[in-house]
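Student: This is the structure I want to talk about, given as structure tokens.
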Amino acid sequence: RVLFRSQQAVKLDPESFEAWNSLGLSLFRLRRYPEALPPLRKAASLNPQFLDTLTLLASTLHALGDDAGALPVLERAHNLNPDDAKMTAVLEQLRATLKGKR
């Protein structure tokens, strides 16, 4: 139901950050990560300062195995909220994971 409404909202207002974010969130919650990626990227482009969208986009990329793609998104999110200890820890862990893959 929420997914359908989100899909309709995107069709009605293709420049609505809220609609794209809602659609991406709905697909993420359904674990439909490949489908969630485009709406979350669109939402992040429409509102690049919205921390929750950036975090969700990074989580989606990570779920898809794209840690290299998740890193710059998570770094942008961290720059918006540098005092968040949990996000700092996740960012450091991701950097270490990527360094270990080299």
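Student: What percent of all Cα-Cα pairs in the chain falls in each 5 Å bin, counting up from 0?
Tutor: 2, 15, 23, 21, 18, 12, 6, 3, 1, 0
Student: OK, next. Mark the label point 7 Å from the Cα of Asp84 along Cα→Cβ and return the residues of segment 17-55 whose backbone N is within less than 13 Å of it.
Tutor: 49-55, by backbone N distance to the label point.
Student: While we're here: Enter the accessible area per residue of the chain (Å², integer; probe 1.4 Å; all protein chains in place). List each step's numbers first, then the result.
Tutor: Working: 6350 Å² over 102 residues.
Solvent-accessible surface per residue comes out at 62 Å².
Student: Among the lysines, select those whose C-alpha is under 17 Å from the C-alpha of Lys86, and discard any that sit fewer than 8 residues away in the same chain.
Tutor: Counting by Cα, and skipping residues close in sequence, Lys86 has no lysines nearby.
Student: Ignoring any ligand, DNA or RNA, what whole percent of the accessible area of the chain comes from carbon and sulfur when the probe is 1.4 angstrom?
Tutor: 54
Student: Of the residues Pro38, Pro14, Pro72, which exhibits the maximal mean-square fluctuation in a Gaussian network model of the chain defined by a 10 Å Cα contact cut-off?
Tutor: Evaluated over the chain, the most mobile residue of the options is Pro14.
Student: Then there's this: Restricting to Cα pairs below 8 Å that are 6+ residues apart, what does the relative contact order work out to for segment 53-102? Please round to a whole percent.
Tutor: 32
Student: Sticking with this structure for a sec: What is the chain's relative contact order, in percent, from Cα pairs under 8 angstrom and six or more apart in sequence?
Tutor: Values: 107 pairs, mean separation 17.7, N = 102.
About 17 percent, as a whole number.
Student: Using the Karplus equation 6.51 cos²θ - 1.76 cosθ + 1.60 (θ = phi - 60°), what ³J(HN,Hα) coupling, rounded to whole Hz, does each residue of segment 9-20 give in order, writing x for Gly and Pro?
Tutor: 4, 5, 5, 6, 9, x, 10, 8, 4, 4, 5, 5
Student: Which whole-Hz couplings ³J(HN,Hα) result when phi for each residue of segment 59-72 is put into the Karplus expression 6.51 cos²θ - 1.76 cosθ + 1.60, θ = phi - 60°, listed in order with x for Gly and Pro?
Tutor: 5, 5, 4, 4, 4, 8, x, 9, 5, 5, x, 6, 4, x
Student: Let me ask you something else. Count neighbours as other Cβ atoms within 10 Å of each site's Cβ, and list the GluC sites (Glu not before Pro) in segment 1-95 that are DSSP loop with at most 14 such neighbours.
Tutor: For GluC sites (Glu not before Pro) across segment 1-95 that sit outside H, G, I, E and B with at most 14 neighbouring Cβ atoms in 10 Å, the list reads Glu15.
The values are calculated or read from the model by the stated rules, or taken from the named source; none is laboratory data. Small disclaimer: the values here were computed from a predicted structure and weren't measured. Positions of Cβ are generated from backbone atoms using ideal geometry, with glycine treated the same way; all protein chains shown enter the neighbour counts. The area values use the complete protein model at the heavy-atom level, side chains included, leaving out ligands, DNA and RNA. Shrake-Rupley method; radii C 1.70, N 1.55, O 1.52, S 1.80 Å.
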